[in-house]
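Let me begin by presenting the structure, written as structure tokens, before commenting on it.
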Amino acid sequence: MKSFIRFLTLFILLGSAAGVQAQTDTLRVVTSAECNSCKKRLEHEMSFVKGVKKVTLDVKSKVLTVLYNPQKSNPADLRKAITLIGYDADSLPANKKAYDHLPDCCKKGGHSE
């Protein structure tokens with residue numbers, strides 16, 4: 001009987017832990033990113049934003065995909081965080097001070113000839 005109770009307790013604990021891990025949403029944001037330096041910067045800086053689990057930027061499409069915990073963050077806060085790094089986030093413009101600190105290659109048109 002004790003082993004059954006232990007098994008049941010373990011089963012409940014593991015089940016609730018799996019439920020916590022499953023609480024994630026995905027946000028896709030069009031950014032003003034230009035190059036692989038932007039990719040490194042955005043992925044690194046966004047990894048420190050509360051609730052963010054995983055970040056990936058597709059440089060070609062300029063789409064930043066953010067996997068996050070909706071109990072700790074929300075799309076508006078995530079877009080705001082992107083602007084504070086110096087990049088546009090959908091219709092939100094980049095924070096001017098942060099944008100001015102980006103390397104020239106990461107500014108809009110930084111790779112055009």
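Every residue in segment 2-36 that is of a type in the set (Val, Ile, Thr), under 30 Å from Leu84 (Cα atoms) and at pLDDT 65 or above, please.
Applying the first criterion (of a type in the set (Val, Ile, Thr)) to segment 2-36 yields 5, 9, 12, 20, 24, 26, 29-31.
Within this subset, residues satisfying the condition of being under 30 Å from Leu84 (Cα atoms) are 20, 24, 26, 29-31.
Scanning segment 2-36 gives Thr24, Thr26, Val29, Val30, Thr31.
Can you name every residue in segment 70-96 that is in contact with a helix residue (DSSP H, G or I) (Cβ under 9 Å, 6 or more places away or on another chain) and not small (Gly, Ala, Ser)? Leu78, Ile82, Thr83, Leu84, Ile85, Tyr87, Asp88, Asp90, Leu92, Pro93, Asn95 - these are the residues of segment 70-96 that are in contact with a helix residue (DSSP H, G or I) (Cβ under 9 Å, 6 or more places away or on another chain) and not small (Gly, Ala, Ser).
Tell me, which residue of segment 83-113 that is of a type in the set (Asp, Glu) and modelled with pLDDT of 95 or more is farthest from Ser32 (Cα to Cα)?
By that ranking, first place goes to Asp100.
Kindly provide the set of residues from segment 50-64 that are hydrophobic (A, V, I, L, M, F, W, C) and either more than 16 Å from Lys80 (Cα to Cα) or out of contact with any strand residue (DSSP E or B) (no Cβ under 8 Å at 6 or more places or on another chain) (or both), ordered by number. Talk me through it step by step, then tell me what you get.
Going residue by residue through segment 50-64, those that are hydrophobic (A, V, I, L, M, F, W, C) are 52, 55, 57, 59, 63-64.
Those that are hydrophobic (A, V, I, L, M, F, W, C) and either more than 16 Å from Lys80 (Cα to Cα) or out of contact with any strand residue (DSSP E or B) (no Cβ under 8 Å at 6 or more places or on another chain) (or both): Leu57, Val59.
Here is a check on your reading of the model: is Lys80 modelled with pLDDT of 95 or more, within 14 Å of the chain's Cα centre (by Cα) and assigned to a strand (DSSP E or B)? Show your work before the answer.
Values: modelled with pLDDT of 95 or more: yes; within 14 Å of the chain's Cα centre (by Cα): yes; assigned to a strand (DSSP E or B): no.
For Lys80, the condition - modelled with pLDDT of 95 or more, within 14 Å of the chain's Cα centre (by Cα) and assigned to a strand (DSSP E or B) - is not met.
Quick one: would you say Lys39 is of a type outside the set (Asp, Glu), outside any loop (DSSP other than H, G, I, E, B), out of contact with any Pro (no Cβ under 7 Å at 6 or more places or on another chain) and at pLDDT 95 or above?
Working: of a type outside the set (Asp, Glu): yes; outside any loop (DSSP other than H, G, I, E, B): yes; out of contact with any Pro (no Cβ under 7 Å at 6 or more places or on another chain): yes; at pLDDT 95 or above: yes.
Yes; evaluated as a whole, the condition is true for this residue.
The values are calculated or read from the model by the stated rules, or taken from the named source; none is laboratory data. Just so you know, these numbers come straight off a predicted model, no measurement behind them. Don't worry about glycine lacking a Cβ; one is built from the backbone with ideal geometry, like all the others, and counts go over all protein chains shown.
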